[in-house]
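Chemist: One structure, pasted below without further comment.
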Amino acid sequence: MWTLPFLRRNPVLRGWQVSGILELQTGPPFSVLMSCADVKADGNNCRPNLLHDAALPVSDRSLGKWFDPAAFAIPSPAAYGNAGRNLLRAPGSETLDAAVSRAFVLGADGRSKMRIRGEFFNALNHANFGMPAHSVDSPAIGSITSAAPGRTIQLSARMEF
């Protein structure tokens, strides 16, 4: 919490406090997978063959094509693929959560207060996209179809006596 010192001279604006949390994260690594039934194996997540580097340059990435799906193929004849684990990275996230609050003194004795607070989650309303579809069996492979929630605002008032 930080009390804004440059507002102390103004009786209407004095006493406000602000706080914030800035979170910057790189995207998590992920593997491209396929159904093990495609190669007649047991299990749920088998790896396909990697034909060439699947990572796209940053300037070529889009929500519809985060990586090159043509870089992966189901092994033929049926065998375990050669694609490594965690070859690619999902989009990162940037979130600023902020709060402002102030206590107003009520009554002549100064013991009663009304505290108001506003909290802003993802205050800058930055789009934080989810993991791209990463199964070679999916028609949406390489595309991003989800995002974290946008800005959320929460207001509260509390009486102290």
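Please treat every number below as a calculation from the coordinates, not as lab data. This is a predicted model, so every value here is computed, not measured. Positions of Cβ are backbone-derived with ideal geometry, glycine not excepted, and every protein chain shown enters the neighbour counts.
Chemist: ³J(HN,Hα) across segment 57-63 via Karplus (A = 6.51, B = -1.76, C = 1.60, θ = phi - 60°), whole Hz, x for Gly/Pro?
Modeler: Computed from phi, the couplings for segment 57-63 are x, 3, 5, 9, 6, 8, 5 Hz.
Chemist: Taking a spot 7 Å from the Cα of LYS113 along the direction of its beta carbon, which residues of segment 1-16 have an amide N less than 13 Å from it?
Modeler: It comes to 3, 15-16, nothing else.
Chemist: Long-range amide H contacts for SER135: which residues qualify at under 5 Å (H placed 1.01 Å from N, peptide plane, sequence gap of 5 or more or a different chain)?
Modeler: The list, which skips near neighbours in sequence, is LEU33, GLY142.
Chemist: Give me TRP16, TRP2 ranked fewest to most by other Cβ atoms within 10 Å of their Cβ, as a rough exposure proxy.
Modeler: By the 10 Å Cβ count, ascending, the order reads TRP2, TRP16.
Chemist: Let me ask another. Can you tell me the order of 59-68, 38-47 when each peptide is scored by its average per-residue count of other Cβ atoms within 10 angstrom, highest first?
Modeler: Ranked from most to least packed, the peptides come out as 59-68, 38-47.
Chemist: Considering only DSSP beta bridges where both residues belong to the chain, give the percentage that are antiparallel (nearest 5).
Modeler: Looking only at bridges with both residues in the chain, the antiparallel portion is about 95 percent.
Chemist: Note the per residue figure in Å³ for the convex hull of the C-alpha positions in segment 2-160.
Modeler: 156
Chemist: Check which residues have an amide H placed less than 5 Å from PHE72's amide H, if you skip close sequence neighbours.
Modeler: Correct list: LEU51.
Chemist: Using the basic label-point model (7 angstrom from Cα toward the beta carbon), what is the ALA157 to GLN17 distance in nanometres?
Modeler: Modelled inter-label distance: 2.0 nm.
Chemist: To continue, here is another question. Quick one: length gained pulling ALA78 to LYS40 fully straight, 0.36 nm per residue minus the C-alpha distance?
Modeler: Between ALA78 and LYS40, full extension yields 13.0 nm more.
Chemist: Take the alpha-carbon centre of segment 129-161, take the same for segment 1-32, and report the distance between them in whole Å.
Modeler: Between the Cα centres of segment 129-161 and segment 1-32 lies a distance of 21 Å.
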